[in-house]
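Structure first, then comments.
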Amino acid sequence: MTTTAPGGFAGAVACERTKLWSVRTPYLCLAAGLAATCVFTFYYASIARINEHPVQPVGNAAASSVILVQFAVVVLATVAVTSEYATGSVRASLLWVPRRHRVQAAKALVAAVVAFVAGASFAVVGTAVAWAAFGGRASFEAGPALRQILAIGVYQALVAVLTTGVAFAARHPAGALSILTTLLWALPSVLLGLGGPALAKLNGLLPHGAGDHFMRIGGDAAYAPATAVLIVTVWAGAAHLTGLYVLRRRDA
């Protein structure tokens, strides 16, 4: 009896999964993300202990580390798209899967699943590291801690979808990373650095600003966590549609 590989969207997903794990970049990105999580959460908790900050949920350390750790996901998802344009192998991908929306959706799904698992795993490790470093300046409750771990995973998954959309639109790693660094780090840093309620409100409408509202516990959020998730989802969806538009309008 002969067997055939699955076709359709399942086949496209299987293909993208194989391509992702056939190179070293994902492993390096995940290792860097784990290392950054450990260093950041230890530093965050140590500062809270040394300066005798008020007791806070231990998961806030892992949530705060996302401002840096998210770029491990950004690089992973960017390279998954732009490496094919750099080598020209995107032409073969579009020949194997001629429906372009299916290629993009498969890449986004694979990147999102990897990002969710990685983000949740980083959060577990970061919470454990922070608990040891807080020295009693943190509280632990299983329910809220689990919610924060899942929230971090969801945010990282949405960042992966956002990244694949931007990468398909830019088609070049430098361009994609410039856009994403500005959107996810530089612009929020400027808005918060300048201060003021209006700029803080504007930052809350950006992907990381909104994500921070549903990842962190005890902050002064201007809206509910469900609204924050919706804001990040809208950003991810807009990027996905923009990337799809470019993918359909331009030659590979």
| field | Note, ³J(HN,Hα) from phi for the stretch 65-77, Karplus 6.51, -1.76, 1.60, rounded to Hz, x at Gly and Pro | value | 5, 5, 4, 9, 5, 4, 6, 5, 5, 4, 5, 4, 5
| request: Quick one: pull the percent of accessible area on the stretch 26-91 belonging to carbon and sulfur, 1.4 Å probe, ligands and nucleic acids left out. | output: 73
| said: Test of understanding: given the chain, find the longest segment containing no trypsin sites (Lys or Arg not before Pro) that are in a DSSP loop and have at most 15 other Cβ atoms within 10 Å. | reply: 100-249
| request: Per residue, how big is the convex hull around the C-alpha atoms of the stretch 1-70? Give it to me in cubic angstrom, could you? | output: 131
| task | Select from Leu30, Leu187, Leu20 the residue whose mean-square fluctuation is largest in a Gaussian network model of the chain (Cα-Cα springs shorter than 10 Å). | result | Leu187
| message | Ratio of alpha-carbon Rg to the 2.2 N^0.38 Å globular estimate for the stretch 145-206, to two decimals, please. | response | 1.32
| said: How much of the pair distance distribution for the chain lies past 24 Å, counting alpha-carbon pairs only, in percent? | reply: 48
| field | Vicinal HN-Hα couplings computed from phi for the stretch 40-55 (Karplus, 6.51 cos²θ - 1.76 cosθ + 1.60; Hz; Gly/Pro x) | value | 5, 5, 5, 5, 4, 5, 5, 4, 4, 6, 5, 8, 6, 5, x, 4
| the chain, relative contact order [Cα under 8 Å, separation at least 6], % | 25
| task | Sticking with the crude label model, points 7 Å out along Cα→Cβ, report the distance from Val125 to Ala10 in nm, one decimal please. | result | 3.3
| For helix 225-249, what angle does its Cα long axis make with the longest principal axis of the chain, in degrees from 0 to 90 and rounded to 10? | 20
| note | Per GNM of the chain with C-alpha springs under 10 angstrom, the most fluctuating residue out of Thr127, Thr182, Thr82 is Thr182
| message | From zero outward in steps of 10 Å, how is the percent of C-alpha pairs of the stretch 114-174 spread across the bins? | response | 22, 37, 24, 13, 5
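Give me Rg over Rh for the stretch 208-252, both radii from the alpha carbons and Rh done the Kirkwood way, two decimal places.
Radius of gyration relative to Kirkwood radius: 1.24.
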| So what is the 222 nm mean residue ellipticity for the chain from helices alone, if each DSSP H run of at least 4 adds -39500 (n - 2.57) and you divide by all residues, rounding to the nearest 500 deg cm²/dmol? | -26500 deg cm²/dmol
| message | Just to be sure I follow: if Rg is taken over the C-alpha atoms of the stretch 87-226 and Rh is the Kirkwood radius over the same atoms, what is Rg/Rh? | response | 1.05
| request: Can you tell me the FRET efficiency between Val23 and Leu146 if r is taken as the Cβ-Cβ distance and R0 is 30 Å, rounded to the nearest 0.05? | output: 0.35
| What is the set of long-range amide H partners of Ser139 at a cut-off below 5 Å, with H atoms built 1.01 Å from backbone N? | Gln56, Val58
| said: Relative contact order of the stretch 113-209, please, whole-number percent, based on alpha carbon pairs below 8 angstrom and at least 6 residues apart. | reply: 26
| request: Calculate how steeply helix 8-21 sits against the longest principal axis of the alpha-carbon atoms of the chain, using the helix alpha-carbon long axis, and give the answer as 0 to 90 degrees to the nearest 10. | output: 60
| task | For the chain, set up a Gaussian network in which alpha carbons nearer than 10 Å are linked by springs, and say which option among Gly204, Gly219, Gly119 fluctuates the most. | result | Gly219
| Quarter of Cα convex hull surface for the stretch 162-252, i.e. mean projection, nm² | 6.3
| field | For the chain, accessible area per residue (1.4 Å probe, heavy atoms of protein chains only), Å² | value | 49
| field | Equivalent ellipsoid semi-axes - Cα gyration tensor, the stretch 15-158, angstrom | value | 37, 14, 9
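The values are calculated or read from the model by the stated rules, or taken from the named source; none is laboratory data. The shown structure was predicted, so the numbers you read here are calculated from the model rather than taken from an experiment. Cβ sites come from the backbone with ideal geometry, for glycine too, and all protein chains shown count toward neighbours. Remember, those area values only see protein heavy atoms, side chains included, never the ligands or the DNA or RNA. Shrake-Rupley method; radii C 1.70, N 1.55, O 1.52, S 1.80 Å.
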